[in-house]
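The values are calculated or read from the model by the stated rules, or taken from the named source; none is laboratory data. Every value quoted in this text rests on a predicted model; they were computed, and no experiment measured them. A quick note on method: Cβ atoms are made from the backbone with ideal geometry, for glycine too, and the neighbour counts reach across all protein chains shown. When the accessible area is computed, the model is the full protein with side chains, heavy atoms only, and any ligands, DNA or RNA have been set aside. Shrake-Rupley method; radii C 1.70, N 1.55, O 1.52, S 1.80 Å.
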Amino acid sequence: MINPTFLDKIAQVIIEDYSNDLYNTIIVLPNKRAKIFLIEALKKQVQNNILSPEIISIEDFIQNVSGIRTIDPIELVFEFYEVYLSITDVKQQQSFELFANWAKMLLQDFNEIDRYLLDSNHVLSYLKDIEDIKKWGVEVENKTKLLENYIDFWKLLPNYYQTLYNHLLKSGIGYQGLIYREAVNKLEAFSTSVTHKKYVFAGFNALNAAEEKIVQHLIATDQAKIYWDIDQAFLNDPYHDAGLFVRRFKESWKQYKSKPFEWIVDDFSAPKTIQVIGTPKTIGQAKITGSIIEKIIEDNPMATLDKVAVVLGDENMLVPLLYSLPATVGALNITMGYSSKNNPAQILIAKLFKMHTNALARNAKNYVFYYKDVLDILTHPLVEPYSKTSALVNTINQYNYTFITHQKLMDLNPNPSDLFRLLFGKWEEGSLQVLASLSQLLQTIKANLGNDSEDEKITKAFVFSIFKVINKLINYYSKHSHIDKIDTLHAIYKQVIDLAEVSFEGEPLNGLQIMGVLESRVLDFETVIITSMNEGKLPAGKSQNSFIPYDVKRELGLPTFKEKDAIYTYHFYHLLQRAKNIYLLYNTESEGLDAGEKSRFITQLEVEKQAKHILTHEIYNAVLPEKAYQPMVIPKSESVMERLKEIAEKGFSPSALTSYIRNPIQFYFQKILRIREVEEVEENVALNTLGTIIHETLKALYEPFIGKFISETDISNCFKQIDSEVLKQFKVVYKEGEIKKGRNLLAFEVAKRNVFNFLKVELESVKSGDAIKILALEKTYEETLIHPDLPFPVLIKGNVDRIEERNGIIRIIDYKTGKVDKGNIILTTWSGLTEDSSNDKIIQVLAYAFMYEKLALEQPMEAGIISFKNLKSGFMPFTFKVGKEVNTIIDKEMLRDYLEQIVVLLREILDVNIPFEEKV
């Protein structure tokens, strides 16, 4: 056990010095969280029941002194906008969105001015003078309207400040700085009214000017005592930032001239084991944290984890960490909320904003939705089970609706549920109507959820957190109805939602403690694991969101990044102060979104290493498996063999055979399991769809000529029909898809061009004397393959694009919209035909020849390809080449050699002992 913690010492002082009047004793701590731990420390000090003293945070204490309620940061921007409109010339007034961009920064400066009790007129006039000096060299005649407005803005700052201050004061509300300034103004009166009370300030580090004044006044009137928690290692080193503030107070506060400074401790130099661990990325740190905790449990299975703290330098690590904790972690206390970023209800509302704002921006009159926005909402887990829209989703996917008007969407779903109406009702009647609709939507979603499962209870908590935010916005907007643009509402929603965290339930005093840096104030732990020890995270680094320049801040005594770094330094070293086992984890990646240099705190620990500290440094890298991916192997079960027999009876298509050659697993999924690709909206015409359109157009154009010889006139008539026929096939195949603009218009033109070029080649052939007779178009043929090596007869079945008789030779033609060269269908040896996937086109066209052979009635026969991307090559027949001998006519001997190879392939497919092995 840690002996004793800071809170133990405070508890001891309270019992020893204040036990006679605990009712009038008030303990003021830096945050609310420490209250529970202090009560626990008090319990350890007493045997009997006692009345606990009042324990409050510094913010609550200052509010009590000032008598003013804290205003919500978003509400403050709204109130400031009202003030801005009241004192700014109408011609120069900005919209709320533009105003909010600079107002938040200005309010931060107002806050700092007040917290440090500075004369606002002096500071804000100083800023105006600086801007004047910057523009000194501009001649009067060269001053533009924009420049004059810019100077006027700086002139108005003192007026903005004073008017806002008075406006808020009148309403009894205020931002933090205003409350602090008013607390100082009312300090005498407050002090007189609480003469019977005693205050104990404990565990503070950085006090602003107002806090200093209040605390010093109460100490001077003997109404308060303050107990610091500073280690001599930091206090006595004039350069150590952890002691920066406390050194200043020790030197400048009058009472320390005569009274002792309490407490200076010597805990940091005690024996400590500090392990510095570097690993790539956030996930690596989360995994290592989990393994450290697992080892702690293994080493001492009976010990509780309430003296173990995981402090997250980056709160985004919370979810990965929770997944990385070992199952043996029993109780758990998480001080941070679950981020609204991952809240399913928030994600739904964000998607709604995206869909409706896009619809309004696209065409406010017709209210046009984009299909992805609609499907995102209809397939959302809070909507899909309850909206009864599966048929609508299928219709959108099947008919390729890309942009859908509001009216069309309603027509496609003629019996909408209440949930559907709330989701897709138009956002046309202003922000309050939108918010009321969202509030009603969340209540409807809540009503859909039950109390039976733990998951649904958790989902209700998520929904409720967003419901509270929406109601808060309704409250704002009902008071400020003139701010009524949906885009503004969206921007405000995105800011407010960050505050909508969902708290974790837990017992604060039991089990592993997971917290952020600021929640660790005043607390002490035996084992501390700190993550994200990188620059920009710990310490947080510079951020210049202020209108007040650095040098002016220095001159006026306002905090700069130096002081902010010092606050982080104190928190970090305070965590280490009484700890015995310390793990410091950092990201070794110095570049990227989540990266930064190793924290200077680690370097400082290494450079200023204490004699009794054992400090080690390790780099952990993920163990890479020998194989990046283990290919799938699926044995052939009895049911698989039955399915194969079924396919053999119904027919193996040439494409099924080639898909097995390419990848047996693909064949298994598509043919055995019959898993089809999910039907999705084809926003841009896919290549296979384009191919279907060209095939169907040629079929339609040539169908009247089946069984006839084609004449020049026939083809000339086909030219006239190209546009209408391609459009017709587009409508049939691509359904409601948009073809009048974008890539689809280009695809439409490509289809027309391909058909035109094909007819042009055909016309030239006829002109040159070729006698072409169309025998069949897009027709299915089949033939049974019986062979002693096969366990049962196998039907080969397929669809042939075109069969013609040209100059007495039968041609079996397969159209390809992709590029095919002559070399792709030349074969020099039958051996290994089915082992190489590049032979797929040869296998396909010869399968057609095998199926048509009997119908050819001994006529000479060729089978080949016409490639639309290589039309200059014309018809490319399958060619068997041995040395200089070239043969394109498919005879019985050629087919016999081909079938021998197909039998080898089919024997492998049908062999129960050969599993389906994935090709990688």
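ASP840: net charge of surrounding residues, Cβ under 13 Å, Lys/Arg +1, Asp/Glu -1, itself excluded?
That works out to 0.
What is the sum of charges around SER590, taking Lys and Arg as +1, Asp and Glu as -1, for the other residues whose C-beta is under 10 Å from the C-beta of SER590?
Net charge around SER590: -3.
Whole number please: convex hull volume per residue of the Cα set in the stretch 201-326, in Å³?
178
How high is the relative contact order of the chain? Use alpha-carbon pairs under 8 Å, at least six apart in sequence, and give a whole percent.
It rounds to 13 percent for the chain.
Read through the labelled values [x] 1.34; [y] 0.99; [z] 1.05 and report the label of the one computed as Cα Rg over 2.2 N^0.38 Å from the structure.
Here Cα Rg over 2.2 N^0.38 Å agrees with entry [x].
Please report the net charge: other residues with Cβ closer than 13 Å to the Cβ of ILE113, K and R +1, D and E -1.
Summing Lys and Arg as +1 and Asp and Glu as -1 gives -1.
Quick one: of LYS636/LYS797; LYS186/LYS259; LYS341/LYS468; LYS741/LYS872; LYS295/LYS609; LYS699/LYS892, which pairs are farther than 22 Å apart, Cα to Cα?
Distance filter (> 22 Å) returns LYS636/LYS797; LYS186/LYS259; LYS741/LYS872; LYS295/LYS609; LYS699/LYS892.
If the cut-off is a Cα-Cα distance under 14 Å, which aspartates and glutamates reach LYS564, setting aside same-chain residues fewer than 8 apart in sequence?
Cα-Cα hits under 14 Å: GLU112, ASP241, GLU535.
In the chain, which helices (entire DSSP H runs) extend 30 Å or more along their own long axis, judged by Cα positions, while averaging at least -0.5 on the Kyte-Doolittle scale?
Correct list, ordered by number: 145-171, 454-479, 712-734, 742-767.
Could you rank the peptides 478-485, 617-624, 5-12, 312-319 by their average count of other C-beta atoms within 10 Å per residue, with the highest value first?
5-12, 312-319, 478-485, 617-624
For LYS281, what accessible area in Å² do you get when you roll a 1.4 Å probe over the heavy atoms of the protein chains, rounding to the nearest 10?
90
Accessible surface of ILE796 in the full protein assembly, 1.4 angstrom probe, to the nearest 10 Å²?
About 10 Å², ignoring ligands and nucleic acids.
Which percent of the Cα-Cα distances in the stretch 76-116 go past 13 Å?
Roughly 54 percent, once rounded to a whole number.
For the stretch 783-892, what is Rg from Cα atoms divided by 2.2 N^0.38 Å, rounded to two decimals?
Dividing the Cα Rg of the stretch 783-892 by 2.2 N^0.38 Å gives 1.09.
What lysines sit close enough to LYS485 to cross-link, taking a C-alpha to C-alpha distance under 16 Å and skipping anything fewer than 8 places away on the same chain?
Straight-line reach from LYS485, under 16 Å: LYS354, LYS426, LYS494.
Can you tell me the relative contact order of the stretch 715-774? Whole percent, Cα pairs under 8 Å, sequence separation 6 or more.
So the answer I get is 47 percent.
Can you give the relative contact order of the stretch 220-374 as a percent, counting alpha carbon pairs under 8 Å and 6+ residues apart?
Normalised by residue count, the contact order of the stretch 220-374 is 16 percent.
Using a probe radius of 1.4 Å on heavy atoms only, what accessible surface per residue do you get for the chain? Whole Å² is fine.
Accessible area per residue: 48 Å².
Structure shown: which of LYS388/LYS731; LYS104/LYS170; LYS44/LYS250 lie over 25 Å apart, alpha-carbon to alpha-carbon?
LYS388/LYS731; LYS44/LYS250, as the Cα separations exceed 25 Å there.
Counting only protein heavy atoms and using a 1.4 Å probe, what share of the accessible area of the chain belongs to carbon plus sulfur, as a whole percent?
50
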